[in-house]
Amino acid sequence: MGQPESREGAQVQLPPGQRLQRGWPVTHYGPVPKFKPDRWEFRVFGATADGEKHCWTHEKFTALPYATVVADLHCVTKFSMVGAEWGGIAAATILDLAPPADDVTHVMVWAEYGFSSNLRLSDFASDRTIFATHKGGELLTAEHGFPVRLIVPHLYAWKGPKWVRGVEYMTADRRGFWEERGYHNVGDPWSEQRYSYQEEPGDGPEF
């Protein structure tokens, strides 16, 4: 069987077990939160280099330098959306403005309703990881994560939560929402790391 083709007819390389998605399905757990700009803030806390919590209002957060990344999105439910342009604030910008302490190894990305997803610091610090506010030059819809969702192109999409509210710097790994419920702690689609039973020693903390 040949490789799937995009709308432009170019061959697309997909991770194992994935299929090319023509649209963008809405997938999430729980209700869509209501955005209240006067109450919204983005926080960076935990093991920061200066020991302080750093906060941005929505106005100040969206005024940070705007970046774009053209990247695929691979859902663990086996669909892949390819070649999307994501616009927003690079994770590297947040790391520059609110540096982690030297012994930080992981981050927990926190979203509405207490949803969380853990990442290795190296994955979070990738130059392709972005807090997306736009897709294809247009603001995200509420169903797709407005005002901010995290995109980590080289990992399964659950590692990039919708409706992000902050980042916790951690000196030891801790499982997030789906990781506690049986999803793989790392989530590399090219290695098809879908579920925790596939984990190798060192992939994650003990349950």
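Please treat every number below as a calculation from the coordinates, not as lab data. Quick caveat: nothing in here was measured; it's all calculated off a predicted structure. Every residue, glycine among them, receives a Cβ derived from its backbone with ideal geometry; neighbour counts consider all protein chains shown.
So the values come out like this:
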{"read-out": "Taking VAL148, VAL104 and counting other C-beta atoms within 10 Å, the order from fewest to most", "value": "VAL104, VAL148"}
{"read-out": "Theoretical gain in end-to-end length, LYS53 to THR27 [0.36 nm per residue, Cα-Cα removed]", "value": "6.2 nm"}
{"read-out": "Relative counts (whole %) of C-alpha pair distances in region 148-207, using bins that are 10 Å wide", "value": "22, 53, 25, 1"}
{"read-out": "Cβ-based net charge around ALA71, under 10 Å, with every Lys or Arg adding one and every Asp or Glu removing one", "value": "-1"}
{"read-out": "Environment charge of THR48, counting only residues whose C-beta is closer than 12 Å and scoring Lys/Arg +1, Asp/Glu -1", "value": "-3"}
{"read-out": "Region 147-201: trypsin sites (Lys or Arg not before Pro) in DSSP coil with no more than 16 other Cβ atoms inside 10 Å", "value": "ARG174"}
{"read-out": "Stokes-Einstein D for region 57-173, Kirkwood Rh over Cα pairs, 4 °C, 1.567 mPa s (µm²/s)", "value": "91 µm²/s"}
{"read-out": "Calculated on alpha-carbon atoms, Rg and Dmax of the chain in Å", "value": "16.7, 54"}
{"read-out": "Cβ-derived FRET efficiency at R0 30 Å, LEU20 paired with ASP203, nearest 0.05", "value": "0.60"}
{"read-out": "Amide H within-cut-off set for TYR183, under 5 Å, with H built and near neighbours excluded", "value": "SER196"}
{"read-out": "In nm, spacing of pseudo-spin labels at LYS36 and LEU121 (7 Å Cα→C-beta vector)", "value": "3.5 nm"}
{"read-out": "Residue-count net charge about LEU140 - beta-carbon cut-off 13 Å; Lys, Arg +1, Asp, Glu -1", "value": "0"}
{"read-out": "Relative contact order of region 57-173, defined on C-alpha pairs under 8 angstrom at six or more residues apart (%)", "value": "30 percent"}
{"read-out": "Under 26 Å from the Cα of LYS36 - lysines, other chains or at least 8 residues apart", "value": "LYS53, LYS60, LYS135, LYS159, LYS162"}
{"read-out": "The chain, relative contact order [Cα under 8 Å, separation at least 6], %", "value": "21 percent"}
